Amino acid sequence: MEIIGGASILITLISVVCGCLLTLIILGGTGFMVYKVFGSTFKNMAGNSNVLKSGVSAPAVILNVQDTGVTMNDNPQARIQLRVMPMGGEPFEAETTMFVGRFQVGMFVPGASVMVKYDPADKTKVAVESLSYPGMNATGQ
């Protein structure tokens, strides 16, 4: 009888361990997939936030806009190519991704003027600060 009782305890213990391992594998795999799908989105958002806090303001013109296929709260994420024209510096081209409000989508078109902030140490880091006012040209006048 003791062998049967010991075997049932062993079977129960193995079942619990396997169940826990299976749960950890499923949760780990799910977490990895979420990271792979959304990790770059959150990294871009954090990078844009840092540039907006400490970057240098400059007017820019939108050269191209592409939908990335990602949405958050029904707002699409766009990849925006810009020609940035810093005051007293040479114009340069840069690219950024950002979420665009559903009602602002029509304002992000090639040729539109925007204000951006960029990192002078790394001009690849650019974030749209605001839309320029109608009638404002690319130099901010």
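The values are calculated or read from the model by the stated rules, or taken from the named source; none is laboratory data. Since we're looking at a predicted model, the values are computed, not measured. All Cβ positions, glycine included, derive from the backbone under ideal geometry; neighbour counts span all protein chains shown.
The condition (being at pLDDT 85 or above, surrounded by fewer than 10 Cβ atoms within 10 Å (Cβ to Cβ) and either out of contact with any helix residue (DSSP H, G or I) (no Cβ under 7 Å at 6 or more places or on another chain) or of a type in the set (Lys, Arg) (or both)) is satisfied by just one residue among Gly55, Gly5, Gly69: Gly69. Selection of first residues in the stretch 48-64 that are touching a residue at least 60 places away in the same chain (Cβ under 8 Å) and of second residues that are surrounded by fewer than 14 Cβ atoms within 10 Å (Cβ to Cβ) and not in a strand (DSSP E or B), restricted to Cβ pairs under 6 Å at least 6 apart or on distinct chains, gives the following pairs, ordered by first then second residue: Val56/Pro120; Pro59/Thr139.
When you check Phe92 against the structure, is it in contact (Cβ under 8 Å) with a residue 24 or more places away in the chain and crowded, with 18+ Cβ neighbours inside 10 Å, yes or no? In short, no. When the stretch 90-104 is filtered for residues that are over 23 Å from Gly69 (Cα atoms) and either aromatic (Phe, Trp, Tyr) or modelled with pLDDT under 85 (or both), only Phe92 remains. Being part of a loop (DSSP other than H, G, I, E, B) and of a type outside the set (Gly, Ala, Ser) holds for only one residue in Met98, Met87, and it is Met87.
Within the stretch 105-141, the set of residues being more than 17 Å from Leu63 (Cα to Cα) and at pLDDT 85 or above comprises Asp119, Pro120, Ala121, Asp122.
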